[in-house]
1. Out of the helices (runs of 4 or more DSSP H) lying entirely within the range A:203-272, which hold 3 or more residues that are within 14 Å of chain B (Cβ to nearest Cβ) and out of contact with any strand residue (DSSP E or B) (no Cβ under 8 Å at 6 or more places or on another chain)?
2. If we scan the range A:230-247, do we find a residue that is of a type in the set (G, A, S), on the phi < 0 side of the Ramachandran plot, open to solvent by 20 Å² or more (accessible area, probe 1.4 Å) and in contact with a helix residue (DSSP H, G or I) (Cβ under 6 Å, 6 or more places away or on another chain)?
3. Give the residue, chosen from B:A61, B:A66, that is over 20 Å from B:W269 (Cα atoms) and outside any loop (DSSP other than H, G, I, E, B).
4. Could you check the range B:209-227 and list, in sequence order, the residues that are part of a loop (DSSP other than H, G, I, E, B) and of a type in the set (G, A, S)?
5. When you scan the range B:43-71, how many residues do you find that are closer than 26 Å to B:S254 by Cβ and in contact with a Pro (Cβ under 7 Å, 6 or more places away or on another chain)?
6. Return the residue satisfying two criteria in turn: it lies in the range A:110-129 and is among the charged types (D, E, K, R) and open to solvent by 100 Å² or more (accessible area, probe 1.4 Å), and of such residues it is modelled with the highest pLDDT.
7. Between B:G378, B:G359, which is on the phi > 0 side of the Ramachandran plot and more than 14 Å from chain A (Cβ to nearest Cβ)?
Amino acid sequence: MSTTTKLDLARPAPAKASKARPRRGLRGSPTFNFWLFTGPFLIGLVIFVYVPIGWSIWLSFFEARFTVTPSKFIGFDNYRFMLDNGNFTGALLTFTVFAAFIVPTTWALSLGLAMLVNRLRFMRAFFRSVFFLPTACSYVAASLIWKMSIFNGVRFGLANTVIGWFGVENVAWLANPDPPWYWLVIVSARLWLQSGFYMILFLAALQNIPQELYEAAAIDGAKPGWQTFRHITLPQLRATSTAVILLLLVAAYQAFDEFFNLLAKTTWGRPPLVELYYMALGQNQDYGAGSAGAVMLTMLIVIVTLFQGKIMGFGKGDESK
Amino acid sequence: MSAMSSSNWDRRSVLRAAAGLAALGPLAACGSNNGRGGGSGSGTNLTQYFHAYGEAGTEQAIKRYAKAYDKANVSTQWITGSDFESKLFATLLTKNAPDLFEFHPQIQLVKSGQVADLTDIIEPVKDDFNQADIQSHTVDGKIYGVRMIDDPQFFFYRKSMLEKANVAVPQTLDELIEAAAKLTTSKVKGAFLGNDLHAVINPLIWSAGADTLDAQNQPAFNTDGVAEGLKKLRKLFTSGDLLLDAPADYWDPSALDQGLCAIQFCGMWAMPTMQKALGDDLGIFPFPKVNDAGKPSVYNGGWSMFVNAKGKNVDAAKEYVKWLWIEQKKYQEDWATSYGFHIPPRTSIAASATKLKSGLPAEGVKLFTDYGHFDNIGWTQAMITATENVFADTVRKNGDPKASLDKAEKTVSAELKKLFG
């Protein structure tokens with residue numbers, strides 16, 4: 001037996017009378033609760049982020065070789081040394097160019113994958129997982145696979161085997177900078193590792209676009225495909241795109257793991273962080289100069305990020321804009 | 001109904017359990033799994049750092065020696081990966097620094113007060129050490145490390161491949177280039193000098209009649225002969241006869257063992273593995289002379305034991321070094337000859353090491369004696385990097401050798417000024 005209920009007669013269930021006891025003392029204080037939850041993280045942030053940043057800035061004005069305790073004040077000498085160091089300034093320049101290439105490429109690939117997966121009518125979860133899984137892989141592990149299995153220089157390397165089918169001789173992908181095949185190795189590893197993560201961000205944003213917009217556009221005569229993508233999808237993804245580009249830019253300048261493992265001790269294709277690593281650790285143990293380099297790199301990232309924000313609009317951004 | 005009903009796991013119970021676990025954390029750190037050794041020593045705890053040797057059984061051997069020591073609990077950090085020095089130097093700045101560590105003699109360790117003076121424990125047996133090893137660990141008359149092993153590095157070759165190609169053992173760098181060309185086939189490359197070529201930097205300098213630093217600690221590598229050698233190596237690098245981007249680097253014998261190349265630069269440590277794989281089809285020769293002014297050379301690398309001068313147990317660490325690397329000759333011989341082949345730095349042990357007395361190992365010892373060059377304590381990491389950059393820029397990237405050497409000399413001179421004033 002079934003019962004029917006007219007919608008207009010339906011009444012929401014009366015709210016259950018609150019029998020909560022009046023909150024006493026600190027537990028009832030919003031301020032206390034705020035500090036209870038954010039305090040530990042703030043303390044961690046100060047100790048592990050702000051203090052080291054401050055210490056690094058302080059250290060950059062001192063001579064600090066083989067020690068992280070400032071010994072002799074030398075003003076801007078460390079900055080001059082780093083700017084005179086062709087390797088470091090070269091790395092900053094190279095990675096500005098690298099960022100200019102890898103950021104739009106990853107953005108386009110992630111968005112393309114997201115659109116592809118979003119349109120699937122079946123096995124969507126499977127393909128979403130397939131594209132996302134590389135994100136879970138360690139950069140070091142991926143680099144070693146790329147270096148030792150796929151792009152090694154001997155005849156049984158995967159890439160050399162494939163080009164061998166077409167009669168092409170073995171290529172030394174990483175040892176020889178001329179021609180610079182190492183970029184192919186690095187870029188393919190980076191795209192494989194990163195695109196899945198950004199695809200998930202775009203997928204979430206795509207699924208938040210109201211369907212009514214597309215329906216209204218169709219009624220107005222908009223053609224599905226490029227036209228709706230250009231005038232509806234892309235503007236709706238603006239906030240997500242801004243965030244993705246910001247993250248990609250920072251990641252490009254902070255590249256380390258795959259470069260460190262793929263290009264050991266070269267003078268080319270070396271990111272600023274690897275330069276600083278060699279400067280401050282295994283080679284020179286010059287923590288003063290290393291800190292000066294770190295400050296300059298941070299400044300560069302801030303400038304590029306602010307510039308990007310100016311163009312794309314920081315904080316303007318919910319998806320509806 | 002389960003005894004663990006959900007009612008038993010209310011919010012407070014969970015929080016209490018979490019707090020309890022947090023409180024137990026520090027206690028757990030006091031347990032047995034704390035990185036310290038389980039030896040039969042007294043209450044003194046010592047930590048030693050070793051890079052991961054490629055030869056099977058080496059880690060177990062080092063731990064076995066440590067366990068046999070009864071005056072302290074000695075634990076071993078066996079550090080894998082290719083960047084041992086970075087990890088070591090980073091840790092030396094912290095309170096978790098090891099009490100002992102292996103490394104190569106470098107003056108910046110002495111100048112920055114990171115290594116303890118070991119003169120008092122070495123002095124009584126100083127004459128029994130290879131004097132070149134003593135010299136390479138001495139600054140201002142004080143000895144700062146104990147050499148554990150000497151590692152000569154030279155070329156290994158497949159005799160059958162050279163015979164088949166009618167190629168004689170190269171005596172000059174030009175002959176090596178010609179040999180590599182004749183030995184290269186569709187499946188085998190003529191020679192392998194390592195993926196980044198760094199292993200042959202010093203041999204090239206010596207074989208060109210130059211040196212890293214001279215007796216007055218001034219740069220001595222920026223010569224026309226070295227520039228000429230760099231040009232010749234560039235020719236070999238671009239010839240297509242050199243194995244590049246091998247899955248394992250020069251220190252691993254696989255390139256030769258697997259037939260990827262006919263000639264490989266490697267160290268004597270790999271000799272037992274190569275002999276096992278190739279039998280008698282194996283020969284060795286030094287890095288050939290670059291020009292008439294030069295002479296064949298062999299780099300006598302190796303590892304030494306140092307005591308962290310800023311550690312909490314300097315005296316106990318020195319006692320352990322004295323016990324293991326000075327008194328325990330049986331362990332020293334075991335370490336040098338039971339895994340890979342190394343030359344014991346103690347002349348009495350080297351003289352009695354039967355495994356090194358005949359056949360190819362004896363030839364290796366002869367090359368070590370005739371053509372060997374030892375570490376120069378004044379040649380630091382920054383200087384090593386400067387010459388690595390020269391190789392990267394000239395041999396691998398076709399830069400001008402003389403300009404690159406000038407740049408490296410500038411860097412090395414600045415470093416020397418910082419070290420010696």
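The values are calculated or read from the model by the stated rules, or taken from the named source; none is laboratory data. No experiment lies behind these values; they were computed from the predicted model shown. Reconstructed Cβ throughout: ideal geometry from the backbone, glycine too, with neighbour counts over all protein chains shown. SASA here: full protein model, heavy atoms, side chains in, ligands and nucleic acids out. Shrake-Rupley method; radii C 1.70, N 1.55, O 1.52, S 1.80 Å.
1. Details: elements: A:211-219, A:238-253, A:257-262.
Ranges flagged: A:257-262.
2. Our first condition is that a residue be of a type in the set (G, A, S); within the range A:230-247, this holds for A:239, A:241, A:243.
Pick out the ones that are also on the phi < 0 side of the Ramachandran plot and you get A:239, A:241, A:243.
From the residues that got through so far, the ones that are open to solvent by 20 Å² or more (accessible area, probe 1.4 Å) too are A:239, A:243.
Subsequent filtering for residues that are in contact with a helix residue (DSSP H, G or I) (Cβ under 6 Å, 6 or more places away or on another chain) retains none.
No, the range A:230-247 contains no residue that is of a type in the set (G, A, S), on the phi < 0 side of the Ramachandran plot, open to solvent by 20 Å² or more (accessible area, probe 1.4 Å) and in contact with a helix residue (DSSP H, G or I) (Cβ under 6 Å, 6 or more places away or on another chain).
3. Numbers: B:A61 fails: over 20 Å from B:W269 (Cα atoms).
Of the residues listed, the single one that is over 20 Å from B:W269 (Cα atoms) and outside any loop (DSSP other than H, G, I, E, B) is B:A66.
4. Start the filter on the range B:209-227 by keeping residues that are part of a loop (DSSP other than H, G, I, E, B), which leaves B:209-212, B:214-218, B:220-223.
Of everything in the range B:209-227, those that are part of a loop (DSSP other than H, G, I, E, B) and of a type in the set (G, A, S) turn out to be B:G209, B:A210, B:A215, B:A220.
5. 0
6. Of the range A:110-129, the ones among the charged types (D, E, K, R) are A:119, A:121, A:124, A:128.
From what is left, the residues that are open to solvent by 100 Å² or more (accessible area, probe 1.4 Å) are A:119, A:121.
Values: A:R119: 87, A:R121: 83.
For the range A:110-129, the residue satisfying everything is A:R119.
7. Numbers: B:G378 fails: on the phi > 0 side of the Ramachandran plot.
Residue meeting the stated conditions: B:G359.
A quick yes/no check of all residues on (1) among the basic types (K, R); (2) surrounded by fewer than 18 Cβ atoms within 10 Å (Cβ to Cβ); (3) within 14 Å of another protein chain (Cβ to nearest Cβ):
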site: B:R64; (1), (2), (3): yes, yes, no
site: B:T80; (1), (2), (3): no, yes, yes
site: B:S86; (1), (2), (3): no, no, yes
site: B:A97; (1), (2), (3): no, no, yes
site: B:E102; (1), (2), (3): no, no, no
site: B:V110; (1), (2), (3): no, no, yes
site: B:K126; (1), (2), (3): yes, yes, no
site: B:N130; (1), (2), (3): no, no, no
